[in-house]
């Protein structure tokens, strides 16, 4: 039977022991100050290592180190907000015949992150209320199994973007209803106020009154009965109509303002709350106890229309803002939309179509031409070309055959293949990218800290200014002083909303990182973009960054007599002998040049003898013993250090280097036996990228472990003037540090393996051409394709994003700097103009909408270098 | 009227001082300042 939805334990056990990052929705936030308040409360919670709350995404990310989800939710509630919950309906097989479902409900309620569970035997489903981010679907599956039931369909983590869209839709619907009521009452109140205003005391100085006065005559003809009505009855009717607007449409402002007040923090809700409440209080007293004013010689005017209009306009701003925020997560939606929903798997020898989420590791799935590959895996049969542009941005399909890895959501173009699933669900490359983008979008740029600090101080100052303006108007203003003073107080409070300041940074970061992901640029967060926007020097690694990183053997030179003496005439070909010896040693090395030599030997079908006593000399060469002979393979300096006389090959070494080919010498028993030349083709994109870097005003430096002559030849071809050659990984770090010591901000592009220390040292590290692995974790910005121009795109995007943030902050501040004095009545002595509270609220709403719209322009960002 | 002006001025100044003190000057309790225990 269906049990009542009782609140279950949010967590039965501590959060899995180790540290976990969890992102969950927070409800009730209305401004940036709310975000910092929740953040403070979360950081003060024991067991929470790090917390960041983003007002733009209305999400909180916490790193848990011992704290349970319950503690986190408690902290959010203590700050005066709540954690967003969601519901999920899971289908359970054979639930119809179950006599007692309470055991199942209880088991599900014990799952971490679940708040309530209600079984519906008729529908064979259980409705689960949970906190998104905390719930691991696998725990839910296990709990159902432990209770003795079987899930009819596996619980894939329900689509987070879809969920967000639904939340957003609900918010938009709610705001729309509240806005409609406020707007109807506001318009009605304005019309009904006309007869009252015609006799009002704040006359032609008020901008709004000036606008409306010409309407007075028309209205007088259209609605003569309104003018005939008793003013006191009109005031009563306006009061009755305004109360629901405050109590329902504007309720959120007052609740938030009060919560903030209790926590000694003031935000835009404080301003709106105090402002409208002051207008309402004044009007109510004027309606029910007009004697208080008339007795003091003041007119008993009412400002009900201002209360409704202010609430309506601010709700309109919120509504537009909410809809715009929904569009900022479009990039994520597009990313997630890339994944196919179904897969054709081989189960018990038969081909069955199942949900992509139901594929498990080890499953064999069939992918036909034109279909998307459902999961990450390894090709087991068939040959094809796969369009990986979604991952790398590169439009040319990549050939794949048995043994090659394929990535989920990429497009199979030409042939049918069978794929063995190696990573599914949350582990796939696409899921990782989505998580990375989600985290980056929610991250805070350092510039945000400044905006937050200012906003925190700003609101109390505005309240102080408003009170001061009230006093000044009351003391030295025109008569009736109390009326003018009240109008000014309300206007200042209403116009000075710091909302635009709160939105300036997060919206730009969100749109910028989202657009970057579409262009193959994965920024790890706002701080990465901020750092990348301000660099002076671009340090490029040669191998894998400027060049393809796939060197190939181009020349083999032989000192024949040595080979003859050693191999006794077999194999007959001296070149093959040199390659064979070198490959036998290098087979044990991990250097890219070693791989090229081994590859060349394999191409010629050479059988490699066994090498013993292998030693790698990092970045220089390797030694081993083959058939009793000491064989050394490496650079000329390495062999000279070993005491080998490389004299016979000196000219050949120089000749190869001048052609940008890397010479590798082979010595047997201390005598030079041969010389292998390797060339690493320069990337087609490198020349354009270097030109673009220079056009951006950057100093470009190439670092490489290769010898000077090769480095200079490569640098010359792509147009780099500054070269640091012969660098070991530590040397690259030293180059970066030296540039930094000279006061320069350094970006480094590398392929992420041997460059990792330098990438970490640089102000911004960009890992190139690595879509999935550790490099994404290590660098600040991951470039999904190997194309060097994506590094240009990354810098351009960073600059555009920061420019947008600066524009937003400038606008938000400038607007207040201009708006507050006008609202305080500074123009009145000069031009006789006073701002009405209604105009003030319209201006405020516009400033927020402007900021969000300006951020959305980033969606149109296009890289300048065409790929 | 002069008396009421004086009253409003004094009350206003007190209110300004109180607002600034309440929101800015008072040190927040350590718990809510974000320092980790």
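The values are calculated or read from the model by the stated rules, or taken from the named source; none is laboratory data. Just so you know, these numbers come straight off a predicted model, no measurement behind them. No Cβ is skipped: glycine too gets one built from the backbone with ideal geometry, and neighbour counts run over all protein chains shown.
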(request) From A:436, A:366, grab the single residue that is modelled with pLDDT of 85 or more and more than 14 Å from every other protein chain (Cβ to nearest Cβ). (result) A:366
(request) Quick one: which residue in A:666, A:644, A:631 is in contact (Cβ under 8 Å) with a residue 12 or more places away in the chain, buried (at least 20 other Cβ atoms within 10 Å of the Cβ), over 45 Å from the mean Cα position of the chain (by Cα) and in a loop (DSSP other than H, G, I, E, B)? (result) A:644
(request) Go through the residues of the stretch A:31-45 one by one and say whether even a single one is within 30 Å of residue A:849 (Cα to Cα), away from every other protein chain (no Cβ under 11 Å), assigned to a loop (DSSP other than H, G, I, E, B) and modelled with pLDDT under 80. (result) yes
(request) For the stretch A:197-269, please list each of the helices (runs of 4 or more DSSP H) lying entirely inside it that holds at least 3 residues being surrounded by 14 or more Cβ atoms within 10 Å (Cβ to Cβ) and modelled with pLDDT of 80 or more. (result) A:231-244, A:251-262
(message) Any residue that is modelled with pLDDT of 75 or more, within 21 Å of the chain's Cα centre (by Cα), away from chain B (no Cβ under 14 Å) and buried (at least 23 other Cβ atoms within 10 Å of the Cβ) - is there at least one of those in the stretch A:14-22?
(response) no
(message) Anything in chain B that is facing another protein chain (nearest Cβ under 7 Å), at pLDDT 50 or above and surrounded by 11 or more Cβ atoms within 10 Å (Cβ to Cβ)? List them, or say none.
(response) B:5, B:8, B:9, B:12, B:15, B:16, B:19, B:20, B:22, B:23, B:24
(request) Among the residues of the stretch A:256-265, write down those that are in contact with a helix residue (DSSP H, G or I) (Cβ under 8 Å, 6 or more places away or on another chain) and away from chain B (no Cβ under 11 Å). (result) A:256, A:257, A:258
(message) Quick check on the stretch A:274-291. Is at least one of its residues assigned to a helix (DSSP H, G or I), within 14 Å of another protein chain (Cβ to nearest Cβ) and without any contact (Cβ under 8 Å) to a residue 60 or more places away in the chain?
(response) no
(request) Please go through the stretch A:592-606 and pick out each residue that is free of Cβ contacts under 8 Å to residues at least 12 places away in the same chain and not in a helix (DSSP H, G or I). (result) A:605
(request) With a cut-off of at least 2 residues that are in contact with a strand residue (DSSP E or B) (Cβ under 6 Å, 6 or more places away or on another chain) and at pLDDT 75 or above, name the helices (runs of 4 or more DSSP H) lying wholly within the stretch A:441-518. (result) A:499-518
(message) Looking only at the stretch A:62-75, count every residue that is under 27 Å from residue A:513 (Cα atoms) and buried (at least 22 other Cβ atoms within 10 Å of the Cβ) and tell me the total.
(response) 2
(message) Kindly evaluate residue A:864 against the criterion of being buried (at least 17 other Cβ atoms within 10 Å of the Cβ) and in contact with a helix residue (DSSP H, G or I) (Cβ under 8 Å, 6 or more places away or on another chain).
(response) no
(message) Among the residues of the stretch A:782-804, are any at pLDDT below 90, farther than 19 Å from residue A:724 by Cα and assigned to a strand (DSSP E or B)?
(response) yes
(message) Restricting to the stretch A:345-361, name every residue that is surrounded by fewer than 18 Cβ atoms within 10 Å (Cβ to Cβ) and either farther than 15 Å from residue A:424 by Cβ or more than 32 Å from the chain's Cα centre (by Cα) (or both).
(response) A:346, A:347, A:348, A:349, A:350, A:351, A:352, A:353
